[in-house]
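Every number here is computed from the coordinates shown, using simple stated rules; none is lab data. Predicted model only: the values in this text are computed from it and were never measured. Ideal geometry is used to build each Cβ from the backbone, glycine not excepted, and the neighbour counts take in all protein chains shown.
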Amino acid sequence: MSPDDGTFDARLRGLLAEHAGRDGPLLPILQAVQAEWGHVPRAALPAIAAALNLSRAEVHGVLSFYHDFREAPAGRRVVKLCRAEACQAMGAEALGAQARARLGIGWGETTADGAITLDPVFCLGLCACGPAALVDGQPVGRLDAARLDAILAGAAP
Amino acid sequence: MKVWLSQDAAARALGAEAVAAALTAEAARRGVALDLVRTGSHGMVWLEPLVEVQGPAGRLAFGPMTPADVPALFDAPAAHPRALGETLALPWMRRQTRLTFARCGMTDPLDLGAYEAAGGLAGLRRALAMPPAEVVQAVTESGLRGRGGAGFPTGIKWRTAAGASAPQKHIVCNADEGDSGTFADRMLIEGDPFCLIEGMAIAGHAVGATRGWVYLRSEYPDAIRTLARALGIARDMGLLGPRVLGHGPAFDIELRVGAGAYVCGEETSLLNSIEGRRPVVRAKPPLPAHEGLFGQPTVVNNVLTLASVPVILAEGPAFWRDFGIGRSRGTIPLQIAGNVRRGGLFEAAFGLTLGEIVDDIAGGTASGRPVKAVQVGGPLGAYFPRALFGTPFGYEEFAARGGLIGHAGIVLFDDSADMLALARFAMEFCALESCGKCTPCRIGAVRGVETLDRIARGDAAARPLLEELCETMKFGSLCALGGFTPYPVTSAMTHFPDDFARPREAAA
């Protein structure tokens, strides 16, 4: 759904109303916006700032701090590969290089056809069965080169 | 036929859902009534997916299971090639002292009745019958220290918050378990969430707080789902709400999900994150116990700290205090990870040596190659060589050898590990995750990466520079991110000097 399909303002207002009266609502609001549109559209920021009596700079300061928030929608499949120490001990760096080479993109990027987004992640808590990944939210353990290729080709995780 | 199968994220990552589907299909094919209970994990990750079947004396374990192994389970379980014997008689289980994780792996995590039948709520009932000050006293006497890493005495933190006078106080559970090699918080929340809720309710009663918050990282989608459902059940059943258990004080818990920022595991950054501010670290004082969330008195405790409280109240402080060594009392859920033959969660009294944990319990590396280094305490923890394997697992014992136990994650590396690359990664990670508030961390980590690159190119003059930089970061940073990043770096340099002695590259 693109932000400018005519329903954007109404949906955003509805979403802000759901969080009205909550203590510390900014982070849950940004998460709800991303859940709704797949990213946090720049066009949403003035309304969020106005609703919370914040400056747009303050909202931007929060938004830009976190790795999770996207400025553009992710690919149809999101592969989060763990790069932290426990997975490195099991060869995660080589898998990361393989994924980037195969897709022709860098960390945090999406393929030109919009098929796959490759995100680095630092620990999924799957440290005793690494290398680990999260594929469309599904945990994957003991990832190897063949399985990674299959996942990047669209196979079920 | 009664069968148990873990739904822990690690079990699911290794194919538990396919095994569950195979169990259901095979039972249907044979016309067998299947009673499949999805549990948390016992912590034997190398055996996941672990299936358990009711045996004559206890549960019989089978693992690691694949869908192809399922049909034979319905024929002659005793002769099954994956049969391991009775679960609780397995060496990994028998050698543990499971106090915090007593129920994890045993029960359906969302079955409050099963929770209570397995000893749950006894601590909260006992606590509600005591004046708040006595609850604080019990926690103090138990010797419980913060399991998030800092090891601050929990009772003293509670007493400070209890003594603060304010219309509103908070209990904040730090479930932003970002350290690589740690997963105990995740396992507890996925496997026994009511234990955390009970611990938080006890804390609320003890310090006079009516609002609780769990700050849970977004990288744990399974834990988020389980805890959200557990909180709903707890409210429906009166464990949380205007009167805890029908007669206690008011207490409710709000779940907040992080958004991918390692530094939010630092307590003041976490508080800013909940408040909706940019989550930079706050200078202390004021302590959160005086001025925490929204400026109100706040206890910030790690998941394991809070989940240890129910058993302390149920069994009494002396029961807990009698386990452990020195000033490290009670049990610690060790998380053994990385290149490891038998990885998983192993809860034991403090005092096992690192060598016992690595060689004996974990069985060395998965690759079968020699253990080169062990990082204890997450990305901010030191790398220990075999020469330090005699170190007993305890806060002071590790500190005395230039390390820290942190959140008790233990990551094994085999002899293919490049310690200079790991030291560089520590600096790179700090640069990526620095909140930017203090200069030693924000700039120092970037300079650290550059200096390590110089060393990698054979520039020996860069070594003293790196040592000086580490000193500056250690003593000049506002929080543990910048302050402890030197631990992995200097320990790698000290204990593995060969990896830093690179031949000088020819000038371009």
| request: With a cut-off of 12 Å, note down the residues of segment B:232-266 whose backbone N falls inside the zone around a label point 7 Å from the Cα of residue A:74 toward its beta carbon. | output: B:260
| Hey, how much of the P(r) for segment B:112-321 falls beyond 25 Å, as a percent of Cα pairs? | 30
| message | If you restrict to DSSP beta bridges whose two residues both lie in the protein assembly as shown, what percentage is antiparallel, to the nearest 5? | response | 55
| Over what distance in Å are the Cα centres of segment B:96-162 and segment B:427-483 separated? | 39
| said: Per DSSP helix of 4 or more residues, -39500 (n - 2.57); summed, then divided by the residues of chain B. What does that give at 222 nm, rounded to the nearest 500? | reply: -11000 deg cm²/dmol
| query | What is the mean projected area of the alpha carbon convex hull for the protein assembly as shown, to one decimal in square nanometres? | reply | 30.3
| Cα centroid separation, segment A:117-157 to segment B:251-330 (Å) | 31
| query | If the convex hull of the alpha-carbon atoms of segment A:1-153 is projected onto planes in all directions, what is the mean projected area in square nanometres? | reply | 10.1
| field | Residue-count net charge about residue B:293 - beta-carbon cut-off 12 Å; Lys, Arg +1, Asp, Glu -1 | value | 0
| field | Rg/Rg_globular for segment B:419-500, with Rg_globular taken as 2.2 N^0.38 Å and Rg from C-alpha atoms | value | 0.97
| Could you give the semi-axes, largest first, of the ellipsoid that matches segment A:91-157, computed as the square roots of 5 times the alpha carbon gyration tensor eigenvalues and rounded to whole Å? | 18, 12, 12
| task | State, to one decimal in nm, how far the label point of residue B:89 lies from the label point of residue B:54, with both points 7 Å from Cα in the Cβ direction. | result | 1.9
| Alpha carbon convex hull of segment B:325-414, projected area averaged over orientations, nm² | 4.8
| Which percent, to the nearest 5, of DSSP beta bridges fully inside chain B are antiparallel? | 55
| query | Taking the Cα centre of segment B:2-94 as origin and charging only Cβ (+1 Lys, Arg; -1 Asp, Glu), how large is the dipole, in debye to the nearest 20? | reply | 80
| task | Evaluate chain B: find the radius of gyration of its Cα atoms, find its Kirkwood radius, and give the ratio Rg to Rh. | result | 0.99
| request: Please give the length that would be gained between residue B:294 and residue B:122 if that part of the chain were fully extended, namely 0.36 nm times their separation in residues minus their C-alpha to C-alpha distance (nm, one decimal). | output: 58.7 nm
| Using a basic spin-label model with each label point 7 Å from the Cα along Cα→Cβ, how many nm lie between residue B:386 and residue B:165? | 6.3
| said: Explain nothing, just the number: dipole magnitude of segment B:112-321 about its Cα centre with +1 on each Lys and Arg Cβ and -1 on each Asp and Glu Cβ, in debye rounded to the nearest 20. | reply: 440
| Normalised convex hull volume, segment B:107-157, alpha-carbon set, Å³ per residue | 105
| message | Suppose each label sits 7 Å from its Cα in the direction of the beta carbon; what would the residue B:421-residue A:147 distance come out to in nanometres? | response | 2.1
| Taking the Cβ-Cβ separation of residue A:156 and residue B:315 as r and a Förster radius of 45 Å, what is the calculated FRET efficiency to the nearest 0.05? | 0.45
| message | If you restrict to DSSP beta bridges whose two residues both lie in chain A, what percentage is antiparallel, to the nearest 5? | response | 55
| request: Let me know the number of lysine pairs in the protein assembly as shown closer than 26 Å at the Cα, not counting same-chain pairs under 8 apart. | output: 9
| said: Explain nothing, just the number: dipole magnitude of the protein assembly as shown about its Cα centre with +1 on each Lys and Arg Cβ and -1 on each Asp and Glu Cβ, in debye rounded to the nearest 20. | reply: 620
| remark: Given all pairs of distinct Cα atoms, segment B:228-372 yields a Kirkwood Rh in Å of 18.9
| How many partner chain Cβ atoms sit within 10 Å of a residue's Cβ in peptide A:86-99, on average, as a whole number? | 5
| task | Give the peptides B:390-399, B:366-375 in descending order of average Cβ contacts within 10 Å, highest first. | result | B:366-375, B:390-399
| Full-extension gain in nm, residue B:353 to residue B:283, via 0.36 nm per residue minus C-alpha separation | 21.6 nm
| task | Kindly state, to the nearest 0.05, the FRET efficiency for residue A:115 paired with residue A:5, given R0 = 25 Å and r defined as their beta-carbon distance. | result | 0.65
| Centroid-to-centroid separation of segment B:175-217 and segment A:13-71 [C-alpha atoms, Å] | 26
| request: Grab the eigenvalues of the alpha-carbon gyration tensor for segment B:20-176, scale each by 5, take roots, and send me the semi-axes largest first in whole angstrom. | output: 42, 17, 14
| remark: Convex hull around the C-alpha positions of segment A:8-65: the volume in Å³ per residue is 73
| message | Please list log₁₀ I(q)/I(0) at q = 0.15, 0.18, 0.19 Å⁻¹ for segment B:2-94, using the Debye equation with identical point scatterers on the alpha-carbon positions. | response | -0.49, -0.72, -0.81
| field | Relative contact order (%) - chain A, alpha-carbon pairs under 8 angstrom, separation at least six | value | 18
| request: Quick one: divide the alpha-carbon radius of gyration of segment B:258-300 by 2.2 N^0.38 Å and tell me what you get. | output: 1.04
| note | With segment A:28-105 reduced to its Cα atoms and the Debye formula applied, log10 I(q)/I(0) at q = 0.15 1/Å amounts to -0.68
| task | Kindly state, to the nearest 0.05, the FRET efficiency for residue B:34 paired with residue B:152, given R0 = 35 Å and r defined as their beta-carbon distance. | result | 0.15
